[in-house]
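Input: a single structure, listed below in structure tokens.
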Amino acid sequence: MTTFLGGRHSKQVTMAKIIRKKKHVIIIVIIVMISTVHLYLKRLQIHETIVSLKDSSLEEYMPTIATSSYNTRTALPDRLATAVAMAARMFQTGAYMQLVCPDKQKLGFRPSDHIASKIGTTCEPWQNREMIGVLDHVLDPSMVALEWSTGSGTTWMVRKGITLHSIEHCDEWLKDIAKVMPLIDIIESDKEGTAKKWTPHHVARGDGQGCSQNLSADWATMDNIFGDYARYARQKLYSKAIEQRGGFDFVSVDGRFRDGCLAEATSLPPMVPNYQPMLINPQYGMVLLDNAERTEFRKPKELPSHWLVVSFQNGVTETALWMACPNKEDTACTEARKRIVSIMAKLPSNLVGSRYKAHMKQALVDKVPGALG
């Protein structure tokens, strides 16, 4: 038998179908709303967790942005401590950041044992990897820098927008760098392609041997050959503009007669009488010594023990960096020193440089605040 459903009963069936569809839509809307609320609460929980970590276990690694602006000089010690923490974290996790550049922009060469995980490539400073990490964070485009000896570190600094003066004894090498520089400093270059941020200075050897690698360990002999090279910055570059800034923000000592150049940068005898100003800014200016493991270079104890210091070694080379502190009681340096000491104590002893160990040993003898961490 066939049953025919029509009239009022048919309308009831249609309404039932519509109601069921509306229920489905309502259920879907409710599910979407619940999911949205759940996602919001999860993000809120993650945010609270990050804040909690910042306030507790990672406090020594976090920059104190809330209390100091990174655009002020007084923030530089804190920025240095944070940079050391970042480099330490990268080492502990087996990671490293490497700059990759086109072949036309590469400079120099690297021996086979100078692998990228330990030493900067031909696109980067020829220094150990940890120090490159520190410099990458602590240097900024507002700075004016000076370097003795040029190379891949020269182009690396110009990439960062730093105003750089470079002193080089080998004219041929300086010309090679000048050819690469327009490829590096395109934005800041003038119409002729000359990099505005970079000023090269050629100072020849005093014995007329050009780019010769012949050297001597004797101070008097080196002073006769490279005395003008070492003193050039003070005699020709330390202008009123630099003096008004208080000095160079960063000085890199590499290449020839490093002991004499380091003495010039830090105003130490016998190169410079003590009454003359340092080339680096006495308020948190920095000086770097490459290949710091070499014993013929100036002893660390001759640099003020209240300065901040960090030095890394990796079996290939050691690179050391000092930051000048105005005085022994400087609060910014004391707080940064505590953080740096705490961080360096957590690293393997064979990674911590000899210059750091010797400097901090003297700081303890002199009872420098924060030397105990």
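Just so it is clear, none of the values below were taken in a lab; they were calculated from the coordinates. What you see is a predicted model, and the numbers here were worked out from it, not measured in a lab. Because the Cβ atoms are built from the backbone with ideal geometry, glycine has one as well, and the counts that use them run over all protein chains shown.
Quick one: which residues, 5+ away or cross-chain, put their amide H under 5 Å from the amide H of LEU308? H built at 1.01 Å from N. Amide H neighbours of LEU308, under 5 Å, 5+ apart: MET323, CYS325.
When Lys and Arg each count +1 and Asp and Glu each count -1, what net charge do the other residues less than 15 Å away from TYR229, Cβ to Cβ, add up to? Net charge in that neighbourhood comes out at -3.
Charged neighbours of MET131, selected by a Cβ distance under 13 Å, balance to -4 (K, R count +1; D, E count -1). If I model a spin label as a point 7 Å beyond the Cα along the Cα-Cβ vector, how far apart are those points for ASP176 and TRP219 in nm? Taking the two extended label points, one gets 3.3 nm.
A simple spin-label model places pseudo-atoms 7 Å from Cα toward Cβ; at SER117 and ALA345 they are separated by 2.9 nm. Taking amide H positions as modeled 1.01 Å from N, with prolines and chain starts lacking one, the residues under 5 Å from GLN313 and 5 or more places away or on another chain are VAL352, GLY353. Taking amide H as placed 1.01 Å from N in the peptide plane, LEU279 has its amide H under 5 Å from the amide H of THR266, SER267, each at least 5 places away in sequence or on another chain. If R0 is 25 Å, the Cβ-Cβ spacing of ARG294 and LYS328 corresponds to a FRET efficiency of close to 0.30. Working ranking of peptides 149-162, 93-106 by packing, defined as the average number of other Cβ atoms within 10 Å per residue, highest first, is 149-162, 93-106. Pairs from the table (LYS236/LYS328; LYS338/LYS367; LYS104/LYS160; LYS160/LYS196; LYS118/LYS197) lying more than 20 angstrom apart at Cα are LYS236/LYS328; LYS118/LYS197.
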